[in-house]
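Below you'll find the structure, written out as structure tokens, and then a few comments.
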């Protein structure tokens, strides 16, 4: 990449009105790319993490938790559109439980905790350009949410996609919006700074941030973790959970030779190290993307680094139009917010139970959550139904259930009862009537050209 190409990318960002912190951060990663960095983290550079403290073993510290809550803000990542499920609006506005959306439930969690503890506890969304307007409109239904004049959201940045064959910013006149990419959720940190949100929180007396994806309803405020985090004066804390076969492709925790913790994503892994990456016995813990951040420490590091935190780079290789495999190949430069564990001296990690990790990434997850296998408590917590120790495994035919509209059409009368279900597998075009009950491990296969219907009140037992 030539200087002219780099300047073209920088100029494109400035012409779009993006803040200088975002421009400088992007230029930092482009320079790394230009110098030959591939954004990889080899197995030879890291070691497995053997043991970690468990959240369930932390002492109860009611006084410490009450004091820390007064200085804590909840930040939810809300930049996704749910395009993989056929959505065009914010994923957080999808109905997920008892007629409520992700956003409704998160708001309930925050308001109930305020009522119980008397804490101020602002809720702040990190939106994208695509989600901000609709999400703020939905928040107008919650007039009691605002506190201390803290803005309800800040907007993450965007970066130019670079042509893989020349590294100049790609041009796509057919849809100029596709010339841009989100910079990954590692953009949390520069966007907090450039938006003024970081200063607003610090000026308001807020020191601790609890950060999680809005589609992970298991990520609720845990006051024992908060009290420990504040008492130990940690700059950064990552929640991790034990990996299972289903988590082989998710980012895992490791450590460098000096003992410092590091997050490795699959996109950072050389091909020859993929087997080691997916070895869940070797690399035991995966990042739940739920974090605790000391805002004062963050501000200090950002000042020291002139606003460029310098997280490890992730290079994603795609086409400019994701729906057109024949469109030009591009590079998208991204970072992961959990990678900040490698930046803060004294950063730590803590094991949590699987109940704190319940994201909805597919309609398989959505069906389990909407069903009676989960209960929505008055305080906004989503918990497994009485007697369950794990969620049912749902595997719906993606040809007929991948998109939310198709999924809803086939469960028009509501989800089946999965309270006693171990596994539900559906192959073919199948629609479910009202009050269907699934027990044990059930597989439904339908090969015909017409749609098969499971009649009302049917009991399916494996």
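The values are calculated or read from the model by the stated rules, or taken from the named source; none is laboratory data. Predicted model only: the values in this text are computed from it and were never measured. For neighbour counting, all protein chains shown are included, and Cβ atoms are generated from backbone atoms with ideal geometry for every residue, glycine included.
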*asked:* Let me confirm something: among 41, 77, which residue is under 23 Å from the mean Cα position of the chain (by Cα), assigned to a loop (DSSP other than H, G, I, E, B) and assigned by TED's automatic domain parsing to the domain that holds residue 331?
replied: 41
*How about segment 308-330: which of its residues are crowded, with 21+ Cβ neighbours inside 10 Å and either over 25 Å from residue 209 (Cβ atoms) or under 18 Å from the mean Cα position of the chain (by Cα) (or both)?*
311, 312, 313, 314, 320, 330
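Grab the strands (runs of 3 or more DSSP E) fully contained in segment 350-462, keeping just those with 3 or more residues being buried (at least 19 other Cβ atoms within 10 Å of the Cβ) and in contact with a strand residue (DSSP E or B) (Cβ under 6 Å, 6 or more places away or on another chain). Working first, answer last.
On the way: elements: 374-376, 382-384, 393-396, 417-427, 430-432, 437-445, 452-454, 459-461.
Qualifying strands (runs of 3 or more DSSP E): 417-427.
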*Give the residue that is surrounded by the most Cβ atoms within 10 Å (Cβ to Cβ), with candidates limited to residues of segment 222-263 that are in contact with a strand residue (DSSP E or B) (Cβ under 6 Å, 6 or more places away or on another chain) and either over 18 Å from residue 345 (Cα atoms) or not assigned by TED's automatic domain parsing to the domain that holds residue 311 (or both).*
252
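Considering only segment 82-117, how many residues are in a strand (DSSP E or B), under 20 Å from residue 137 (Cα atoms) and touching a strand residue (DSSP E or B) at 6+ places or on another chain (Cβ under 7 Å)?
Let us first name the residues in segment 82-117 that are in a strand (DSSP E or B), namely 95-97, 100-101.
After this cut, where a residue has to be under 20 Å from residue 137 (Cα atoms) as well, the list is 95-96, 100-101.
From what is left, the residues that are touching a strand residue (DSSP E or B) at 6+ places or on another chain (Cβ under 7 Å) are 95, 101.
The total comes to 2.
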*Given (1) free of Cβ contacts under 8 Å to residues at least 40 places away in the same chain; (2) assigned to a loop (DSSP other than H, G, I, E, B); (3) touching a helix residue (DSSP H, G or I) at 6+ places or on another chain (Cβ under 9 Å), where does residue 326 come up short, assuming only one miss?*
(3)
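Taking segment 308-346 only, how many residues are farther than 30 Å from residue 390 by Cβ and touching a strand residue (DSSP E or B) at 6+ places or on another chain (Cβ under 7 Å)? Outline the logic, then answer.
In the first step, residues of segment 308-346 are kept if they are farther than 30 Å from residue 390 by Cβ; the result is 308-335, 340, 342-346.
Going one step further and asking which of them are touching a strand residue (DSSP E or B) at 6+ places or on another chain (Cβ under 7 Å), we end up with 313-320, 325, 327-335, 340, 342, 344.
Final tally of qualifying residues: 21.
For the condition surrounded by 18 or more Cβ atoms within 10 Å (Cβ to Cβ) and farther than 17 Å from residue 211 by Cβ, what is the one hit in 83, 101, 72, 117?
Details: 83 fails: surrounded by 18 or more Cβ atoms within 10 Å (Cβ to Cβ); 72 fails: farther than 17 Å from residue 211 by Cβ; 117 fails: surrounded by 18 or more Cβ atoms within 10 Å (Cβ to Cβ).
None of the other options fit; the residue is 101.
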